[in-house]
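Data block below; observations after.
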Amino acid sequence: MTSDSTVLEKDINRQIGSKVAYLLEKQGYEVVLTREEDVTVSLGERTSFANQKQADILFSLHANSGPASTMGVETFYFDPALLKNELESIDSKTKAFIIKTVSQWHLMSKELAKDVQSSVIQNTYATDRRIKKGVIQVLLGFQGPAALIEVGYLSNDHERALLCSESYKERVAEGIYEGIKMFVDKHFA
């Protein structure tokens, strides 16, 4: 098994992300990565960058951490209903604008999350932690469908070893690619 200290989430994410980008570009899709090199880009900057580039979708890739026994892949999408409490103190005009802007992409974001999650699970046979709604900073403010995947738990010895394996990273990347392609072909082709 690989030790915790030698495996960095940023490296796993960049390796898988590069593979996904390559597969999409090979099929003629234009892909813009927020990080191609080892630089820090804040979550807000990632969202702004995607909006500036007028990206059709935003897809964010991460590796999870938690109790050592926890395993699995999960994909998140933003649900505007989760902002209800946060919007209580905002004036009604601003509140209506925020809800309208966010709500128009909610169902498509959920579908994107579902397509990618099912495709990754089919390709990897990982534990399916399902799609989940959440208030995740990188998804907030993107003007289009957006989802975030946690490709596994680096805190779990078995999954950390898998995520260090080139063949497993390839299968994860293929699953993400196939899910994104399925979604984009339905909505943007």
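We did not get these values from a lab; they are worked out from the coordinates using the rules stated. If you're wondering where the values come from, they're calculated on a predicted model, not measured in any experiment. Glycine also receives a Cβ, built like all others from the backbone with ideal geometry; neighbour counts cover every protein chain displayed.
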Exercise. Report, in whole Å, the centroid distance computed from the Cα atoms of the stretch 36-84 and the stretch 85-138.
Key: 11
Exercise. Quick one: which residues, 5+ away or cross-chain, put their amide H under 5 Å from the amide H of Lys132? H built at 1.01 Å from N.
Key: Thr75, Phe76, Tyr77
Self-check item: Computed [θ] at 222 nm, deg cm²/dmol, the chain (DSSP H ≥ 4; -39,500 (n - 2.57); rounded to nearest 500)
Solution: -16500 deg cm²/dmol
Quiz item: Cross-link list Lys93/Lys114; Lys53/Lys110; Lys110/Lys169: which exceed 28 angstrom alpha carbon to alpha carbon?
Solution: Lys93/Lys114
Quiz item: Can you sort Tyr77, Tyr29, Tyr177 so the residue with the fewest Cβ neighbours within 10 Å comes first?
Solution: Tyr29, Tyr177, Tyr77
Quiz item: If the viscosity is 1.567 mPa s and the temperature 4 °C, what Stokes-Einstein diffusion coefficient in µm²/s follows for the stretch 12-92 when Rh is the Kirkwood radius over Cα pairs?
Solution: 83
Quiz item: Points 7 angstrom from Cα along the Cβ direction at Glu9 and Val31: gap in nanometres?
Solution: 2.1
Quiz item: Just one of (i) 250; (ii) 125; (iii) 105 is volume of the Cα convex hull per residue in Å³ as worked out from the coordinates here. Which one is it?
Solution: (ii)
